[in-house]
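Enquirer: For reference, the structure I am asking about is given below.
Readers should treat all values here as calculations from the given coordinates under stated rules, not as data from a laboratory. On a predicted model such as this, the values are computed, not experimentally measured, just so you know. A quick note on method: Cβ atoms are made from the backbone with ideal geometry, for glycine too, and the neighbour counts reach across all protein chains shown.
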Amino acid sequence: MSTSFEYTPHARVEERAKAGPPTVSAAAKSLHPQDRAINRFNRKVGLGITTSVGTMWCAYAFAVLALVSLPAALSSHDPIIIVAWIAQTFLQLVLLPVIIVGQNIQAAASDSRAAATYEDAGAILAEAQQIQAHLAAQDQAIGALLDKIKSLEEALPRG
């Protein structure tokens, strides 16, 4: 008996192996191409500012900077000026770097999850290939059994 199944890898397997896991940095490169000098410059400036502003040290520095104008806001005794100082000065200055820090942490976690998923997919593919090999061995064993049964049937007297 011959087996009719022949394993053919899916085209995505090769694509996946070439591409690697999806990461935030890879997505950033596709969103901000580096084909021209101005694009490379813009990307470096944006990344540099984001990297420097996205630290807790920057949040602390912004908090100190915001506190410089606090006495003037409090001495006005005007609730609107005090609320405006809190909302427009303190919260905006301090929360911006804190949010960037949080986003950086989330991006790193996302990259870790993507890498783990990528490795899991590779493991599942290897397992599926082992299953295919096991099934091929079973097909051969079943074929041998069927051939034996056929030869035994042919050896039986017809009557």
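Enquirer: What residue among Phe90, Tyr7, Gly122 has its Cα farthest toward the positive end of the dipole of the chain, where the charges are +1 on Lys, Arg and -1 on Asp, Glu, each on the Cβ?
Expert: Phe90
Enquirer: About the Cα centre of the chain, what is the dipole size in debye to 20, counting +1 per Lys and Arg Cβ and -1 per Asp and Glu Cβ, all else neutral?
Expert: 620
Enquirer: I'd like the Kirkwood hydrodynamic radius of region 23-124, using the inverse of the mean 1/r over distinct C-alpha pairs, in Å.
Expert: Value: 16.6 Å, from the Cα pair sum.
Enquirer: Assuming R0 = 41 Å, can you tell me the calculated FRET efficiency for the pair Ala108 and Leu70, based on Cβ-Cβ distance, to the nearest 0.05?
Expert: Between Ala108 and Leu70 the formula returns 0.75.
Enquirer: Can you work out the FRET efficiency for the pair Leu95 and Arg16, with r the C-beta to C-beta distance and R0 = 30 Å, to the nearest 0.05?
Expert: It comes out at approximately 0.15.
Enquirer: Next question, about the same structure. How large is Rg over Rh for region 29-74, taking Rg from the Cα atoms and Rh as the Kirkwood inverse mean of 1/r across Cα pairs?
Expert: 1.29
Enquirer: As a test of the formula, what do you get for the chain when each DSSP H run with n ≥ 4 contributes -39,500 (n - 2.57) and the sum is divided by the residue count, at 222 nm and rounded to the nearest 500 deg cm²/dmol?
Expert: That calculation yields -26000 deg cm²/dmol at 222 nm.
Enquirer: In the neighborhood of Leu125, defined by Cβ-to-Cβ distances under 13 Å, what is the net charge if each Lys or Arg adds +1 and each Asp or Glu adds -1?
Expert: Computed value for this residue: -3.
Enquirer: Run the reach check for Lys44 against aspartates and glutamates, Cα to Cα strictly under 20 Å, same-chain hits fewer than 8 apart removed. What comes back?
Expert: Within the straight-line cut-off, Lys44 pairs with Asp35.
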